[in-house]
1. So in segment 107-127, with the set limited to residues that are among the polar types (S, T, N, Q) and open to solvent by 70 Å² or more (accessible area, probe 1.4 Å), which one is nearest to ALA77 (Cα to Cα)?
2. Can you tell me which residue within segment 64-80, out of those that are among the small types (Gly, Ala, Ser) and open to solvent by 30 Å² or more (accessible area, probe 1.4 Å), is nearest to TYR31 (Cα to Cα)?
3. If you go through segment 95-106, how many residues are in contact (Cβ under 8 Å) with a residue 60 or more places away in the chain and buried (at least 21 other Cβ atoms within 10 Å of the Cβ)?
Amino acid sequence: MKTTTILTAAAAIGLVALGATAAFAQRDPAYAAARSAGQIGEQPDGYIGIVGAASPDLRALVGDINIKRKAAYTQKASASGATVEQMAFTSGCNLIASTSAGEKYQTPSGVWKTRTAAAPDRDSRCV
């Protein structure tokens with residue numbers, strides 16, 4: 001199976017996989033506060049990253065969310081024939097695309113940016 005086909009399938013499944021995890025995280029007031037304060041943001045690898053210095057509580061929150069994301073990626077990858085890394089990458093593409101103006105995201109080069117009304121800088125392999 002071609003990589004493009006796997007990534008396209010992973011994209012569709014990744015959106016479903018992250019639906020529950022993202023919805024849960026967004027209901028957490030600490031997550032919402034950190035996201036709106038620009039302390040955390042979406043990374044191209046499909047996981048949440050910390051922007052700058054962080055408290056132990058913030059590190060624990062991010063770690064917990066990322067563990068749940070990896071579990072979702074693992075489950076969906078085994079069901080789709082994609083790898084966990086392909087699922088995570090495709091989800092990262094979609095999560096960065098769905099950020100709102102004012103939210104942080106990491107570019108493919110590793111630079112943290114604040115989303116504007118313009119499209120975010122994403123990896124060229126994102127569909």
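1. Checked segment 107-127; the qualifying residue nearest to ALA77 (Cα to Cα) is SER124.
2. At the first step, the residues of segment 64-80 found to be among the small types (Gly, Ala, Ser) are 71-72, 77-80.
From what is left, the residues that are open to solvent by 30 Å² or more (accessible area, probe 1.4 Å) are 71, 78-80.
Working: ALA71: 19, SER78: 28, ALA79: 29, SER80: 29 Å.
Step by step, filter segment 64-80, then rank; the result is ALA71.
3. 4
Conditions (1) in contact with a strand residue (DSSP E or B) (Cβ under 9 Å, 6 or more places away or on another chain); (2) of a type outside the set (Val, Ile, Thr); (3) in a strand (DSSP E or B); (4) free of Cβ contacts under 8 Å to residues at least 12 places away in the same chain, marked per residue:
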site	(1), (2), (3), (4)
ALA53	no, yes, no, yes
ILE65	yes, no, no, no
TYR73	no, yes, no, no
ALA82	no, yes, no, no
SER91	no, yes, no, no
PRO108	no, yes, no, no
ALA117	no, yes, no, no
ASP123	no, yes, no, no
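The values are calculated or read from the model by the stated rules, or taken from the named source; none is laboratory data. Because the structure is a prediction, the values reported are computed rather than measured. Positions of Cβ are generated from backbone atoms using ideal geometry, with glycine treated the same way; all protein chains shown enter the neighbour counts. We work out accessible area using only protein heavy atoms, side chains counted, and drop any ligands, DNA or RNA first. Shrake-Rupley method; radii C 1.70, N 1.55, O 1.52, S 1.80 Å.
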